[in-house]
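No value in this document is a laboratory result; all are computed from the given coordinates. Keep in mind that this is a model prediction, so the values were computed, not measured.
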Amino acid sequence: MKTLELQFVSEDGKTVRVAVDSPAEPVDTAKLKNAMAQILGSGVLVSPAGMPLTTMKAARLIEQNITDYTLQ
């Protein structure tokens, strides 16, 4: 499973992470920057402490491999 993690900085200087499951690939960085700018501009997301997000910090694609084992 892949997750796109968007990282923002809140008004109090803390990193806020937003995860998007199963993102479209390949990730278009221009569209990604535009989407993150729209999130900032909308003010719809805040930090867990209620602080507004102020800047984009980073984005990364995370891939996890899960192996299930049957136990009897």
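Suppose only helical runs count, i.e. DSSP H with n ≥ 4. What mean residue ellipticity at 222 nm does that imply for the chain under -39500 (n - 2.57) per run, divided by all residues and rounded to the nearest 500 deg cm²/dmol?
Estimated from H runs of four or more residues: -6500 deg cm²/dmol.
Once you keep just the Cα pairs under 8 angstrom separated by 6 or more residues, what percentage relative contact order results for the chain?
Computed over the chain, the figure is 45 percent.
Please label the shape of the chain as rounded, prolate or oblate, based on the square roots a ≥ b ≥ c of the eigenvalues of the alpha-carbon gyration tensor (a/c under 1.5 means rounded; beyond that, a/b larger than b/c means prolate, else oblate).
Verdict is oblate for the chain.
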